[in-house]
Amino acid sequence: MGTEEYGVHISGGNVSGPIAMGAHARATVNNVGAPAAGELGALLDRLERLLGEHETALTEPAQARRDVVDVRRELEEAEPDRSRILDALKRLSVRAAEVSVIVEVVSQIRALFS
């Protein structure tokens, strides 16, 4: 076998995730479980505050609040249904499409379930 050199060069920004190098190298990430309850709870609290602050800009404010309640209730289940949560978040995105700060928080919550 010949002499083989492997190297990794990363510049600018942050690296978050596995890096593997070399012959037969393999990097694996296994994300298991539900999102961190503290982070998720804080985002849901913020979302509820924003819905109140921007209620007049929402097309269906009452339904948007119900969507948040649906997410919270589903998260209280022993085995939360990820699809139900994502469906409620999708409805919220549509109902709050005119308020970018709400859509941003909804996107952050959705990312926790991806």
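As an exercise, find the ratio Rg/Rh for region 37-112 from alpha-carbon atoms, using the Kirkwood inverse-distance average for Rh. Write down the numbers at each step before the final one.
On the way: Rg = 11.4 Å, Rh = 12.2 Å.
With Rg and the Kirkwood Rh in hand, the quotient comes to 0.94.
Return the ratio Rg/(2.2 N^0.38 Å) for region 74-114, where Rg is computed over Cα atoms only. Write out the running numbers ahead of the final one.
Details: Rg = 10.7 Å, N = 41, 2.2 N^0.38 = 9.0 Å.
That ratio works out to 1.19.
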- request: Would you kindly derive the ³J(HN,Hα) couplings of region 42-57 from the backbone phi angles with the Karplus curve 6.51 cos²θ - 1.76 cosθ + 1.60 (θ = phi - 60°), listing them in order in whole Hz, with x for Gly and Pro?
  value: 5, 5, 5, 4, 4, 4, 4, 4, 5, 4, x, 5, 10, 3, 5, 8
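Computed from the coordinates by the stated procedures, all read-outs in this text should not be read as laboratory data. Everything numeric here is computed off the predicted structure, so don't read it as measured data.
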